[in-house]
Amino acid sequence: MKQTYSDKGFHHALKVVDELCIGCTHCMIACPTQAIRVRDGKAIIFEERCVDCGNCCKACPVSAILIEQDDFDLFFSYPVRVALVPSVFIGQFPSRINSGKIFGAMKSIGFTHIVEIDSVVDLVQQAYDRETKGSRCLRPAISTFCPAIVRLIQVRFPSLVDHLIRVKPPSDVAAIYYREKMEGQGYNPAELGIFYITPCAAKIASIKSPVGEARSSVDGVINMEYMYNKLLHIIINKEVGTETQADSTGLSSKGILWSLTRGESEHQPGRCLAVDGMSNVTEFLERLEETEESHIDFLELRACDESCAGGVLISGNRFLTVERLNKRAGEVSGEKAGKPDSGAVNLDLFFLDKIQSRSMLSLDPDREVAMEKMKKRDELLKVLPGIDCAACGSPSCSALAEDIVQGRAETSHCVFLQELYIRDKRLSLEDADKINASIWGKDRNYRSQSK
Ligand code: SF4
Ligand code: SF4
């Protein structure tokens, strides 16, 4: 497995498996932050640019990009094992499989407690209300629910970080709330392990290296696709002992729909907007940088189409998942058996510290050097053809220009300039062959002939 160009401690959940990668560039073209290059016939990820959105993984035709998860054995090192289950997990199962069977199967593999995360959205809402009424957050206030969006704003739209609402996402709020509650019931904190079943890579990354907090309250993450397949096998083979209910005190239709598109924005005061899908969000944020849109009060931005129903680790069809969750929401009248007790936990625990930008736009930490590099990059852009053919192994001419000033590529990587250099006898055919091999691999001709 290969991952290159470390970005000073930010954890990423996606890894390219060299042995599987065929260097087809699908991932490179799909990446919204131009974080991928092809070198030696394999994709590599520039970590400082990656926001863990999972678009590359969805685009890969040979499943060469893997999403990590914690070792399942880790869970058994905790005597008390709490699973945090988001609604979209339930929504993937066919309607004939009810939540009691799903939770029963989870108990059968060793979870001692099962909690529906979305039962805490009223606590999240209280924190939102406090934060958006204060002066820490600029208008429009941007939801911090989707960690891929938080990272996107940090790296690509650093001027917008002060619009982010500094409230932890429901998974963290649920972990904090239930940890406090269980400790209050006498559980030993050292024996308590809280595990989150995640629909996406971004949430794994945000738990491993949180933004705006030193440490996540979640102890481990479980890949939702893995858990879905495991439980489905158990349920189909009728290995579930008894149906079980989760702790879903306070779960309402609002909570069930919170992680879907418009799930948050429909409940916020003022003028609200929901945008989903990485390209739509990117386009909107570009606009926001230029025009402010200060008449909008609240912005819900989600990286995936149909929000978490379209997460990269969701096994089912996203539209069917949305339909099932709408049905489930319609069946829940009011909150189930009361609400989470906001008096039982200190609301201050749900806020994030200041979110820092970590702009990928800066070419060097030294301002003067950065200016020099920017000038050189702009000069190079006048020479490069500007057609973004990607034959150089970079996703666009501007990405190649940046790679050149950063010492990661040469002008001769551009096939058009290479042709000119050969014609002017500034480059031999042998050297051109070596350059092309450094991008597309030594066996590139063999691969194209064997197709
Ligand atoms: S996860 Fe998203 S940002 Fe990271 S390399 Fe893949 S497509 Fe690019
Ligand atoms: S929309 Fe949901 S599933 Fe997709 S990246 Fe954001 S949090 Fe993850």
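The values are calculated or read from the model by the stated rules, or taken from the named source; none is laboratory data. Just so it is clear, the model here is predicted, and its values are computed rather than measured. Here Cβ is always computed from backbone atoms with ideal geometry, including for glycine, and neighbour counts include all displayed protein chains. The area values use the complete protein model at the heavy-atom level, side chains included, leaving out ligands, DNA and RNA. Shrake-Rupley method; radii C 1.70, N 1.55, O 1.52, S 1.80 Å.
The table for this structure:
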item	result
Filtered residue count, region 64-96, keeping only those that are modelled with pLDDT under 95 and within 14 Å of ligand 1 (Cβ to nearest atom)	3
Pairs, first under 12 Å from T261 (Cα atoms) in region 306-332, second within 16 Å of ligand 1 (Cβ to nearest atom) and in a helix (DSSP H, G or I), C-beta under 8 Å, six or more apart	R318/G310
Flag for S108 being closer than 20 Å to T198 by Cβ and touching a helix residue (DSSP H, G or I) at 6+ places or on another chain (Cβ under 9 Å)	no
Candidate set: region 293-327, residues that are of a type in the set (S, T, N, Q) and more than 14 Å from the chain's Cα centre (by Cα); chosen: the one surrounded by the most Cβ atoms within 10 Å (Cβ to Cβ)	T321
Residues of region 65-88 classified as out of contact with any Phe, Trp or Tyr (no Cβ under 6 Å at 6 or more places or on another chain), more than 16 Å from ligand 2 (Cβ to nearest atom) and among the small types (G, A, S), total	1
Inter-residue pairs, beta-carbon under 7 Å, first free of Cβ contacts under 8 Å to residues at least 60 places away in the same chain and within 16 Å of ligand 2 (Cβ to nearest atom) and in region 32-49, second basic (K, R) and open to solvent by 10 Å² or more (accessible area, probe 1.4 Å), 6+ apart	A35/R49
Count of region 48-63 residues which are of a type outside the set (A, V, I, L, M, F, W, C), open to solvent by 30 Å² or more (accessible area, probe 1.4 Å) and more than 6 Å from ligand 1 (Cβ to nearest atom)	4
Region 271-328, subset touching a strand residue (DSSP E or B) at 6+ places or on another chain (Cβ under 6 Å) and among the small types (G, A, S), residue nearest to A64 (Cα to Cα)	S307
Evaluation of T4 against (1) within 12 Å of ligand 1 (Cβ to nearest atom); (2) under 25 Å from K434 (Cβ atoms); (3) modelled with pLDDT of 90 or more (one fails), failing number	(3)
Listing of helices (runs of 4 or more DSSP H) fully contained in region 64-148 that carry 3 or more residues being open to solvent by less than 30 Å² (accessible area, probe 1.4 Å)	87-91, 99-108, 121-133
Those helices (runs of 4 or more DSSP H) lying entirely in region 353-440 with at least 2 residues surrounded by 15 or more Cβ atoms within 10 Å (Cβ to Cβ), hydrophobic (A, V, I, L, M, F, W, C) and in contact with a Gly (Cβ under 7 Å, 6 or more places away or on another chain)	429-440
